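Accompanying notes for the structure given below.
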Amino acid sequence: MAHDYIIVGGGSAGCVLANRLSEDPSIKVLLIEAGGRDTDMLFRMPAGFAKMTKGVASWGWSTVPQKHLDGRVIWYTQAKVIGGGSSINAQLYTRGNARDYDAWETDAGCEGWSYRDVLPYFKRAEDNQRLVNAYHGYGGPLGVSWPVNPPPISFAFLRAAQEAGIPYNDDFNGAVQDGIGHYQLTTRHAERSSTASAYLRPVRSRPNLAVRLNTPTLKICVENHRAVGVEVGASGGIETLRAEREVIVCSGAIGSPRLLQLSGIGPADALAAAGVPVLHDLPGVGANMQDHLDLYAICECTGDHTYDRVAQPHRTLWAGLQYLLFKTGPVTSTLFETGGFWYADKTARSPDIQFHLGLGSGIEAGVAAMKNPGVTLNSAFLRPRSRGTVRLANADPAAAPLIDPNYWSDPYDRECSLKGLQLAREILSQPALKPFVLAERLPGDGIRSEQDLIQYAYRSCKTDHHPVGTCAMGAGEGAVTTSDLRVRGIDGLRVVDASVMPFVPSCNTNAPTIMVAEKASDVILGREPLPAAVV
Ligand SMILES: Cc1cc2nc3c(=O)[nH]c(=O)nc-3n(C[C@H](O)[C@H](O)[C@H](O)COP(=O)(O)OP(=O)(O)OC[C@H]3O[C@@H](n4cnc5c(N)ncnc54)[C@H](O)[C@@H]3O)c2cc1C
């Protein structure tokens, strides 16, 4: 079958596009995903997240040694499964701040991407369990719900944060982002709502939509400066697939610049260094990488207040039964359902720190686990000034890319990260948490001086898994795509995923990526954009 559109990467963005582009039965769409199916129960259960950063359905990549983190190499989970990040993430549904998107338009020149322009696309995607107002809607594909039964310690955390001076907020995605509260989650009826389950599965039987799993794309085929198809790895060797209209790269903030560079599209010097013939010199590809770096404090609890002991075999069995029979209990928890947004830099115009309360210790790869039940408070600095790169190690499509977020290359980021950690420690020490928290174990009482905290950060920091910016859209010199997501200098080729965001939004990045793909679908099909919101 000939395909009009070939979508490379069936992640958060790719599944949205597969659905929206194939709504018209006359348009033939092929979705190609390197990873496999998401049928294991782990993907469906919200608490399945506990396994996800440890290698399930992931590419298995790490960063290069981080120059400004004392040479630390950080494990860097990126999804390799249908649904991509939305199938393995912690399911937090956050949109960031209106100013984030306004800056895309005013500072990066992304015409049509201001907050008032993008809000209707957040709403179109959404099937909100509770809220219908200027900011929220229902009836869209993506389930958005509240935690089913947050444990008492999470409410004590809300009180403690207020004691520390941070106000309560029951909708970070509404008029005001600031404050502390329970997160909305991409879940529906206590099951993960990934783009695979919400967008792709319901339309899998469309005759004009083909999906190929376990199929890595090796290269974009370009003839006379026009993308005409892709080469994929297949059981019989390499197969070439042709696109009549466009190739749309949705391979994620690491995968998309990687694929463009493997195809000879990128900075000429970096391509030459990797041994890839230069097809089109485009310096912005793989540059401008931004990510949220996470620091955390861990406390030992006074008792069984979090989910650490659910890992014991008899408790796991009971939790599983509770979930299967009644859809209640620990398995309904994404393990990070409480948190909020506040300020490291008091002069910032919108929050620059995000908190995630982890209902246990050792939940994520690389984070210390404790013998007794623990509780973790993550703090991430949201508007980094550091910029990194994604480059090829060599011309082999199977080789891991060189991922260099270049964390803390700007000292401002370090200063704000450390202030965020300080805020986290302050919250954990408030009276409201006294009945639940025995003592801080990490960084630990002895670690107070700036130098000690920096050393602690070097040892323990981790990614929040929010890379963006590596195929940035915009009007400037370094922009890879135009505001309608076309790759500059190559016809018939677009990028649609987190990599096109010129600046990382002040939040987790799944909902913003889904918004990008929703809006892109109208752009690609030449439809009128949704009317700008009045807020
Ligand atoms: C562990 C983790 C936890 C996170 N937690 C949250 C959270 O709680 N809330 C939130 O909002 N965000 C979270 N995020 C971030 C969010 O999930 C991502 O920003 C989002 O999924 C990015 O979507 P994408 O479409 O850009 O890329 P992805 O969803 O990563 O999709 C890219 C897809 O392309 C495929 N691909 C790549 N290269 C090729 C190739 N050459 N050929 C074929 N296929 C290819 C990949 O296998 C992948 O499936 C988390 C991310 C991770 C990894």
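Structure above, values below:
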read-out	value
Index of the failed condition, Thr77 passing every other in (1) buried (at least 19 other Cβ atoms within 10 Å of the Cβ); (2) more than 8 Å from the ligand (Cβ to nearest atom); (3) of a type in the set (S, T, N, Q)	(2)
Cross-chain or 6+ apart pairs with Cβ under 7 Å, the stretch 185-196 first and at pLDDT 95 or above, then more than 12 Å from the ligand (Cβ to nearest atom) and open to solvent by less than 10 Å² (accessible area, probe 1.4 Å)	Thr186/Gly143; Thr187/Gly143; Arg188/Gly143; Ala190/Thr332; Ser193/Gly143
Answer residue from the stretch 415-458, given it is among the β-branched types (Val, Ile, Thr) and touching a residue at least 60 places away in the same chain (Cβ under 8 Å) and is nearest to His356 (Cα to Cα) among those	Ile427
Within the stretch 64-74, considering residues that are open to solvent by 10 Å² or more (accessible area, probe 1.4 Å) and in contact (Cβ under 8 Å) with a residue 40 or more places away in the chain, the one nearest to Ala253 (Cα to Cα)	Val64
Per-region count, the stretch 480-499, residues open to solvent by less than 10 Å² (accessible area, probe 1.4 Å) and either within 15 Å of Glu111 (Cα to Cα) or of a type in the set (A, V, I, L, M, F, W, C) (or both)	8
Residue in the stretch 122-145 that is in contact with a helix residue (DSSP H, G or I) (Cβ under 8 Å, 6 or more places away or on another chain), away from the ligand (no atom under 14 Å from the Cβ) and β-branched (Val, Ile, Thr) present	no
Residues of the stretch 42-61 satisfying the condition of being open to solvent by 60 Å² or more (accessible area, probe 1.4 Å) and modelled with pLDDT of 95 or more	Arg44, Trp59
The stretch 455-475, subset in contact with a helix residue (DSSP H, G or I) (Cβ under 8 Å, 6 or more places away or on another chain) and either more than 26 Å from Tyr101 (Cα to Cα) or aliphatic (A, V, I, L, M) (or both), residue nearest to the ligand (Cβ to nearest atom)	Val468
All helices (runs of 4 or more DSSP H) inside the stretch 234-348 with 2 or more residues being of a type in the set (A, V, I, L, M) and in contact with a Pro (Cβ under 7 Å, 6 or more places away or on another chain)	252-262
Subset of the stretch 8-32 that is hydrophobic (A, V, I, L, M, F, W, C) and over 17 Å from Pro202 (Cβ atoms) - its residue that is farthest from the ligand (Cβ to nearest atom)	Ile27
Evaluation of Ala270 against (1) of a type in the set (Gly, Ala, Ser); (2) open to solvent by less than 30 Å² (accessible area, probe 1.4 Å); (3) within 16 Å of the ligand (Cβ to nearest atom) (one fails), failing number	(3)
Subset of the stretch 402-411 (residues that are within 25 Å of Gly339 (Cα to Cα) and either of a type in the set (Asp, Glu) or in contact with an Asp or Glu (Cβ under 8 Å, 6 or more places away or on another chain) (or both))	Pro405, Tyr407
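The values are calculated or read from the model by the stated rules, or taken from the named source; none is laboratory data. This structure is a prediction, so every number in the text was calculated from the model and none was measured. Methodologically, a virtual Cβ is constructed for each residue, glycine included, from the backbone with ideal geometry; neighbour enumeration extends over all protein chains shown. Please note that ligands, DNA and RNA were not included when accessible areas were found on the heavy atoms of the full protein model with its side chains. Shrake-Rupley method; radii C 1.70, N 1.55, O 1.52, S 1.80 Å.
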